[in-house]
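The values are calculated or read from the model by the stated rules, or taken from the named source; none is laboratory data. Not measured: the values here are computed from a predicted model. Positions of Cβ are generated from backbone atoms using ideal geometry, with glycine treated the same way; all protein chains shown enter the neighbour counts. Note: areas computed on protein heavy atoms with side chains; ligands, DNA, RNA excluded. Shrake-Rupley method; radii C 1.70, N 1.55, O 1.52, S 1.80 Å.
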Amino acid sequence: MKWATSLAVSLAMRQSAEQETGEMWGESGKMIQGDCAMRKKAAMLLGLVLAASVVTGCSTEELYAEVSAEVEAYNAALATYNEQVARYNEAVDSVKEENKLVATELGNAQTAINGEGEPYDGATLLDLKNAMAELESAKVDDPAFLEEENAIEVNAEMSRDELDQVKEDVMERSAQLDGKVIPDPPSMPDYAGAIEDLRNAIQLYQMSVQSLNQITAPADEFVIERLQGVDTITKIEAVTEDHDPNGQLNKQGGYIGCIYFRDNQIEADSLYFEDGEEGAVEIGTVGGGSIEIFQTPEEAEARNQYLAGFDGAGFLSPGSHQVEGTLVVRTSDNLTATQQNELTEKIVAALIDVR
């Protein structure tokens, strides 16, 4: 019942009660016995009506309709807010996915570094670490997701107390929603260039590791196959235990393989050999050069130091010699210094080429 109707009813009942009690007064001016009972009855009825008016205010149905309208308005505003949050979170998710890719690429690089073997060219390791640092510095922090808010529910089965609580919740959460600010969606980071650089650095590093593996105690067949690709090299021959001028094959501290070759830059007339000894092994290093294969880099270095003791010793001069992996690459003293350097570069390039 509304406040205006309740008040009108109570006033009308009070007037009716006064009329009835007025007719029961006698000429003597004394109130008859029934007058008191009637006034008490009217006063009690008026009190009940007023109490009902104060307690009730409006019907439960009217309160439900009022709260439902407020809930509907709040939920509509909330839906708009949650749509904006969803768009923001989509951008956040995209950034996080890009960062996962960065983590994967950096993990691949570290796996390559942690793998077995050392690079032939130490600069490739430095380049790889620099590429990792560049990508790491380009990486943005993961943005945080925003939380979507839940809608408010109301139904006709709720009591007045429950409806009043919902009404309070709507007011409180509406104020909170008005105060919320959705930031601009995070920009998508561009890692493409840094990732490509890192991948290239990984590839070059791994190729360098493979290059060193290829010249670490390789088989004779590998060395022969690579020497065949050098344009000035002609005859190629490996020593055996029965056919080894130095007698060092497979002995302690000796080589595990030795390949001699002829080079067409050296005229046959400038070489001394007897009839029937025209093979690369018989002629030796002076005919072009040789590749001595050792088990360890230390053994190769020891051999190289030994040869260095004869540098510039006339007919005993060993020619050029340098260590590559576990190999000692030698070229003939009959070649000029320029020819020695060029031939050595071609041989090394052929040996370390990753195919």
Q) Which value, in debye to the nearest 20, describes the size of the charge dipole of region 229-315 about its Cα centre when Lys and Arg Cβ atoms bear +1, Asp and Glu Cβ atoms bear -1, and nothing else is charged? A) 280
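Could you work out how much longer the chain between Glu61 and Glu282 gets when fully extended? Use 0.36 nm per residue separation minus the Cα distance between them, nm to one decimal. Intermediate results must be reported in sequence, preceding the final value.
Working: separation 221, 0.36 × 221 = 79.56 nm, distance 11.66 nm.
Using 0.36 nm per residue and subtracting the Cα-Cα distance, I get 67.9 nm.
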**Q.** Top positive-direction residue, dipole computed over region 253-322 with Cβ charges, set Pro318, Gly284, Tyr306
**A.** Tyr306
Q) Quick one: Cα centre-to-centre distance for region 279-327 and region 191-253, in angstrom? A) 17
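Could you give the length gained by full extension between Asp353 and Ser137, i.e. 0.36 nm per residue of separation minus their alpha carbon distance, to one decimal place? Walk me through the numbers on the way to the answer.
Values: separation 216, 0.36 × 216 = 77.76 nm, distance 3.35 nm.
Gain on extension, Asp353 to Ser137, equals 74.4 nm.
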Q) For region 156-251, what class follows from the C-alpha gyration tensor (a ≥ b ≥ c being the square roots of its eigenvalues): rounded when a/c is under 1.5, otherwise prolate if a/b is larger than b/c, else oblate? A) prolate
Q) Residues with amide H under 5 Å of Glu324's amide H, sequence separation 5 or more or different chain, H placed in the peptide plane at 1.01 Å from N; which? A) Val329
Q.
Under the rule of at least 5 residues apart or a separate chain, name every residue whose amide H is placed under 5 Å from the amide H of Lys235.
A. Arg262
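Can you pull out the chymotrypsin sites (Phe, Trp or Tyr not before Pro) in region 234-308 whose DSSP state is coil and whose Cβ has at most 10 other Cβ atoms within 10 Å?
Values: sites: Tyr255, Tyr260, Phe261, Tyr272, Phe273, Phe294, Tyr306; in loops: Tyr255, Tyr272, Phe273, Phe294.
Of the chymotrypsin sites (Phe, Trp or Tyr not before Pro), the ones in loops of region 234-308 whose Cβ has at most 10 other Cβ atoms within 10 Å are Tyr272.
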**Q.** Within the accessible area of region 282-355 (1.4 Å probe), percent carbon and sulfur
**A.** 51
**Q.** Per-residue ³J(HN,Hα) for region 129-145, Karplus 6.51 cos²θ - 1.76 cosθ + 1.60, θ = phi - 60°, Hz, x for Gly and Pro
**A.** 5, 5, 5, 5, 5, 5, 5, 4, 6, 6, 5, 8, 5, 5, x, 8, 6
Q. For region 68-73, what does the Karplus curve 6.51 cos²θ - 1.76 cosθ + 1.60, with θ = phi - 60°, yield as ³J(HN,Hα) per residue in whole Hz, taken in order and with x for Gly and Pro?
A. 4, 5, 5, 5, 4, 5
**Q.** Surface accessible to a 1.4 Å probe, Leu227 within the full protein complex, Å²
**A.** 0
Q | ³J(HN,Hα), Karplus 6.51/-1.76/1.60, whole Hz, each residue of region 191-200, x for Gly, Pro | A | 9, 4, x, 5, 5, 4, 4, 5, 4, 5
Q. Using r as the Cβ-Cβ distance of Ala337 and Glu225, and R0 as 22 Å, what FRET efficiency do you calculate, to the nearest 0.05?
A. 0.20
